[in-house]
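The values are calculated or read from the model by the stated rules, or taken from the named source; none is laboratory data. Computed from a prediction, not measured in an experiment: that's the story for all the values here. Don't worry about glycine lacking a Cβ; one is built from the backbone with ideal geometry, like all the others, and counts go over all protein chains shown.
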Amino acid sequence: MTPTNLNMLFQQLIPNFAHLVDTNKTTKEEFLNKVKSTYSLSNPKTNMFYQSVVNSTFETIRLNDNRDALLFNQ
């Protein structure tokens, strides 16, 4: 398992964007594309979240099978 380094802003804003994550493994690039296709990056809050994802270090993101926790690089 690869170590993660999550940007502090990412950690604060992910609850607002967690509905974009499901139980399927999604790469960081796929997640960024999902954010861009769902929301406008001209919105300051969305843009800050997008940049916080870019600045975070992880390869994949997904929900656990109980859908109550985010898993990275699994």
(request) Could you please find all residues in the range 34-74 being touching a Ser or Thr at 6+ places or on another chain (Cβ under 8 Å) and charged (D, E, K, R)? (result) Lys34, Glu59, Arg62, Asp65, Arg67
(request) Considering every residue within the range 65-72, establish whether at least one is modelled with pLDDT under 95, outside any helix (DSSP H, G or I) and touching a strand residue (DSSP E or B) at 6+ places or on another chain (Cβ under 9 Å). (result) no
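One line per residue, one yes/no per condition, for (1) part of a helix (DSSP H, G or I); (2) surrounded by 15 or more Cβ atoms within 10 Å (Cβ to Cβ); (3) modelled with pLDDT under 95; (4) not basic (Lys, Arg):
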site	(1), (2), (3), (4)
Met1	no, no, yes, yes
Leu9	yes, yes, no, yes
Phe17	yes, yes, no, yes
Val35	yes, yes, no, yes
Ser40	no, no, no, yes
Lys45	yes, no, no, no
Val53	yes, yes, no, yes
